[in-house]
Amino acid sequence: MRWADPACARSPVPDARAVVAARRHRGRGAWLLCLVLAAGPFALQAQGTPAGASLQAELEQARAQLNGLQALPPLQREGQADRLRALNRQVALLGARVDALSSPAETAVPPQPAALEGTAPYATAQLDRLRDQLDSLEAQRAALRPLQASLAAERQEAATTLRKAAEALRLRREQTERARDDAADHRARDELEMAQLEHRVAELELERIDRALAQTQGRLHALDDPARQLAAQIDTARAAQRIGAEDLAAVRSAADKERRAIATQRARLEAALRNSRPDGAAPDSAAQRRARWDRDTLASLTELDAVVTARATVWQQRQAALDAQGSDTARAAAATELQRSIDQARAHERGIDERLALLRSELRLQRSRMEAASGDASGQAAERRSLDSLQRRLEVDEDLRAELARVALLLERSRSDLADAAAPPSSQDLLARLRAGTLALLAAAWNYELFSAPETLVVEGRPVTIDYGVTVGKSIGVVLLFGIGWWLAARLGRRVIEAFVRRGTLGDAQGRVLYRWLMTALLLLVLWAALKLARIPLAAFAFLGGALAIGIGFGAQNLLKNLMSGVIILFERKIRVGDVVTVGGVSGTVGAIDLRATTLRGFDGIQQILPNSYLLENLVGDWSQSPGGLRTELRVPVAYGTDSRAAAALILECARAHPQVLATPAPDVLLDEFAAYGPVFKLWIWTALGGARAAPLVASDLRFAIDRAFTARGIAPPVTRHDITLAPAAQP
């Protein structure tokens with residue numbers, strides 16, 4: 001029996017038993033029992049059972065199974081580790097889902113943006129409140145967007161997991177149907193129940209992520225309309241804003257109030273310093289540290305008081321900027337003054353940031369000191385007071401930094417309003433816009449998806465297909481990784497081959513050939529690693545399969561034959577680089593033995609490219625392998641009536657007199673035949689291969705020498721004279 005509905009995986013455990021029972025008994029009653037047990041939960045849902053009650057029942061059943069497994073002995077519980085893990089996750093997910101259904105539905109309530117009060121011109125303070133609210137909304141949106149992207153990626157992984165779990169569940173059901181005996185039935189039932197459990201957990205995980213993603217998207221959408229409304233109100237107020245005398249009076253009043261609070265805090269710290277009297281304490285004692293931090297706090301309070309006092313000056317600068325919008329000269333002067341104040345505030349802010357980082361490190365150190373003094377009550381109390389002083393110092397510096405950031409923000413807003421009021425935008429603004437547009441265009445091009453490649457995973461012997469996108473950025477990354485890998489592989493291969501050649505394990509020619517083989521293997525490995533790092537499946541190159549198959553069909557046979565022939569020639573070393581050989585009527589010196597072909601430089605200077613298989617399949621004469629050198633034959637005819645012994649001795653004397661003729665083996669003269677024109681002698685000589693003069697030149701020298709000797713002794717040539725020939729042959 002095979003269930004086609006995926007929801008069957010959500011049925012209780014009797015579903016698996018029903019399938020097994022129906023398979024074993026094959027009776028009509030068994031099939032009816034299977035249908036009743038399997039359709040029971042769906043019948044309840046069809047009758048109107050609430051989703052919460054169904055989930056609660058499933059939760060109770062999962063908890064009961066979990067408690068039953070946890071009650072097993074340790075050895076049996078270890079064998080059920082996967083089931084325990086899955087049940088724990090199912091209980092957690094079901095509990096969260098039931099709680100979410102029982103609680104009121106959470107809906108994203110859009111914030112109510114503040115409205116402009118009164119008529120134009122609007123107070124700049126009111127405009128600042130609108131901007132603060134818009135900045136808060138933008139900060140929320142900026143925090144929600146990465147969360148949305150993370151949930152989307154998590155959902156893709158969860159969907160893949162669910163797809164694999166569904167495939168595994170289907171395979172387990174087929175295995176259950178094919179079970180023949182009781183042992184196979186029991187094993188198949190257990191595996192089917194585990195597959196159902198994993199499938200249900202994957203469904204619950206996907207539902208959880210979908211709910212979180214929907215909530216995040218709802219919160220983002222809820223912020224869109226308020227942000228647009230605030231932006232429209234801000235644009236309206238910016239065009240008609242003012243800073244009146246009452247605004248400056250309110251700023252001064254708020255500053256005076258803050259200064260009185262700062263003065264009260266200063267007086268309290270000064271009194272504490274006078275009463276502490278840490279002069280007699282050790283240099284690094286808790287009292288000395290507390291006194292130092294209190295003095296630093298007083299200095300920070302002085303800085304804070306100065307910043308608060310300058311608040312009225314800041315608002316006066318903002319007022320001057322508003323008044324200067326009607327004149328280009330006044331606008332330029334106001335912009336310069338605002339930019340100078342902004343730079344000063346930001347520089348002071350960076351200094352406070354560095355000081356805060358140092359204070360936080362001292363805070364961690366002070367907490368460790370207090371923990372180390374836990375055994376000493378008085379010492380721990382002193383360290384506690386020092387810790388309180390340090391925390392007070394940190395809070396004052398944080399207030400100072402916040403005040404500086406606020407001042408810089410107000411000045412930047414006035415600077416922005418002043419720049420927007422100007423007719424032509426500045427070159428810096430144009431460059432900033434151009435840079436932002438270029439970066440956005442490059443980001444879009446970098447993430448542009450060229451195509452999607454399916455990758456097939458095997459789950460329990462069955463294929464499961466997943467699609468992966470191949471973007472421009474991934475492609476460029478693969479090229480860069482492959483280039484870096486190529487460079488590293490070339491260096492590594494060269495070092496390895498040079499090491500073998502230096503030790504004498506390989507010759508130069510063998511090293512070159514082995515380097516090519518090694519580079520081929522390394523480059524294939526580098527290409528595979530680059531594709532894996534960029535998450536590009538090899539299936540992306542499936543479109544090359546047809547062309548590759550055609551190329552292999554036409555050329556792979558000869559290519560592989562020549563490759564293997566080159567390896568055999570290289571390692572047998574019957575033919576080496578530098579040998580003088582004769583192949584197919586072509587004689588010359590072996591210049592190189594490569595993977596596919598061998599280069600032969602003929603005596604006439606022409607290079608011949610011979611396939612490696614040709615050298616193994618044809619007769620090859622290797623002159624360099626002859627231990628006695630190269631044998632040369634010269635035929636010398638004489639006329640009838642000539643003293644044969646004297647002629648032979650004269651020929652042998654000429655041969656021995658030549659410096660290039662080897663003494664061992666010694667030259668020899670044979671009476672070869674009696675031709676019609678006279679007897680013919682054959683002279684055998686041996687010359688060194690690669691000597692000072694080549695064998696044809698030595699043969700020519702001997703002909704001249706024999707001719708002079710015959711003329712001097714009065715030995716007449718035959719009436720008809722054949723050409724003296726040169727015939728290289730192997731040593732007998």
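Assorted remarks:
- For the pair residue 69 and residue 364, label points projected 7 Å from Cα toward Cβ lie 4.0 nm apart.
- Segment 240-333: GluC sites (Glu not before Pro) in DSSP coil with no more than 11 other Cβ atoms inside 10 Å: none
- Residues in segment 119-133 carry Karplus couplings, in order, of 10, 5, x, 9, 5, 5, 4, 5, 4, 5, 5, 5, 5, 4, 5 Hz; the curve used is 6.51 cos²θ - 1.76 cosθ + 1.60 with θ = phi - 60°, and Gly or Pro positions show x.
- Translational D in µm²/s for segment 83-228 (Stokes-Einstein at 20 °C, 1.002 mPa s, Kirkwood Rh from C-alpha pairs): 111
- Under 5 Å between amide hydrogens, built in the peptide plane, is the criterion, and for residue 587 it picks out 603 among residues at least 5 positions away or on other chains.
- Between amide H atoms placed 1.01 Å from N, distances below 5 Å from residue 536 occur with no residue 5 or more places distant or on a separate chain.
- Segment 397-411-segment 479-503 distance, computed between alpha-carbon centres (Å): 57
- In sequence order, segment 321-334 has phi-based couplings of 5, 5, 5, 8, 6, x, 10, 5, 5, 5, 5, 5, 5, 5 Hz under the Karplus curve 6.51 cos²θ - 1.76 cosθ + 1.60, θ = phi - 60°, and Gly or Pro positions carry x.
- Residues of segment 652-670 with amide N under 17 Å of a point placed 7 Å along Cα→Cβ from residue 693: 652-663, 667
- Distance from the alpha carbon centroid of segment 101-162 to that of segment 192-261 works out to 3 angstrom.
- Sequence-distant residues sharing a close amide H with residue 672 (under 5 Å, placed H): 680, 681, 682
- Based on the convex hull around the alpha carbon atoms, segment 323-433 presents an average projected area of 8.9 nm².
- Probing with 1.4 Å while keeping every protein chain in the model, the per residue accessible area of segment 244-389 equals 56 Å².
- Scaled to the globular estimate 2.2 N^0.38 Å, the Cα spread of segment 193-292, given as radius of gyration, is 2.39.
- Across every direction, the projection of the convex hull enclosing the Cα atoms of segment 294-358 has a mean area of 4.8 nm².
- Dimensions of segment 658-701 from C-alpha coordinates, computed as largest minus smallest value along each principal axis and given longest first, are 38, 20, 14 Å.
- Per-residue ³J(HN,Hα) for segment 611-616, Karplus 6.51 cos²θ - 1.76 cosθ + 1.60, θ = phi - 60°, Hz, x for Gly and Pro: x, 4, 5, 5, 5, 8
The values are calculated or read from the model by the stated rules, or taken from the named source; none is laboratory data. It should be emphasised that the depicted structure is a prediction, and the values quoted were computed from it without experimental measurement. Glycine gets a Cβ as well: all are built from the backbone with ideal geometry, and neighbour counts include every protein chain shown. For the accessible areas, the whole protein counts, side chains as well, though only heavy atoms, and no ligand, DNA or RNA atoms are used. Shrake-Rupley method; radii C 1.70, N 1.55, O 1.52, S 1.80 Å.
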